[in-house]
Amino acid sequence: MATYRVLLSDAPVYFPDEERLQFASSLTEKIKHRFGAGYEHFVHRGEFTTIDGEEVAVFRWTTRTAIAE
């Protein structure tokens, strides 16, 4: 299975910079990143950027959902 380095972009200001670079197993599935008492959701729309000489997929923030109790 391939692993892709991804950038989680456009997240709200409370989302820490150190959590914005992640790894994903697919570029077609949404990323649901647990943060605090909820999940931040990100999608890839075909955009890439270069970070430290490496091409990474850009996943843009779409919404936040609460964790069900």
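The values are calculated or read from the model by the stated rules, or taken from the named source; none is laboratory data. Just so it is clear, the model here is predicted, and its values are computed rather than measured. Note that each Cβ is placed from the backbone with ideal geometry, even for glycine, and that neighbours are counted across all protein chains shown. Please note that ligands, DNA and RNA were not included when accessible areas were found on the heavy atoms of the full protein model with its side chains. Shrake-Rupley method; radii C 1.70, N 1.55, O 1.52, S 1.80 Å.
Observations
- Electrostatic bookkeeping for Thr28 treats Lys and Arg as +1 and Asp and Glu as -1; over the other residues with beta carbon under 15 Å from its beta carbon, the sum is +2.
- A simple spin-label model places the labels of Val13 and Thr49 1.8 nm from each other, with each point 7 Å out along Cα-to-Cβ.
- Normalised per residue, the accessible area of the chain is 68 Å², obtained with a 1.4 Å probe and no contribution from ligands, DNA or RNA.
- Cα pair count fraction exceeding 14 Å, expressed as % - the chain: 56 percent
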